[in-house]
Amino acid sequence: MVIGRTNRRNARAPRARQLFGENAEEALDLLELLELAWHDCYAEVSPSDEVIEDVWIVSEGQLPKLIQAARLAVQDPRDLRMNADGLREIS
């Protein structure tokens, strides 16, 4: 079943509000840009849920870190995973 961009955004909104509070809409906008870049690079509609989770974790609720995590997700999702795993170990 294909899920549209609006539905993905709505599904991600609670997490965005939890992590970014009043900046949740900006965080969701950035994830939408991530999807567009992901499609251009990998010919997939959206990154996997695992990649999105890694982006959330690496962001640590800060927009500048979210930007860096989104860029890293497109550049090399394996490095993103390693960074996220490192933060998971700390928690």
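The values are calculated or read from the model by the stated rules, or taken from the named source; none is laboratory data. As the structure is a prediction and not an experimental result, all values here were calculated from the model. Here the Cβ positions follow ideal geometry from the backbone for every residue, glycine too, while neighbour counts run over all protein chains shown.
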Matching residues, segment 22-54, being among the hydrophobic types (A, V, I, L, M, F, W, C) and in contact with a Pro (Cβ under 8 Å, 6 or more places away or on another chain):
Leu34, Trp38, Val51
Just checking, how many residues over segment 14-25 are under 15 Å from Asp49 (Cβ atoms) and either surrounded by 14 or more Cβ atoms within 10 Å (Cβ to Cβ) or of a type in the set (A, V, I, L, M) (or both)?
2
Selected residue [at pLDDT below 95 and of a type in the set (D, E, K, R)] from Glu89, Glu44, Glu32:
Glu89
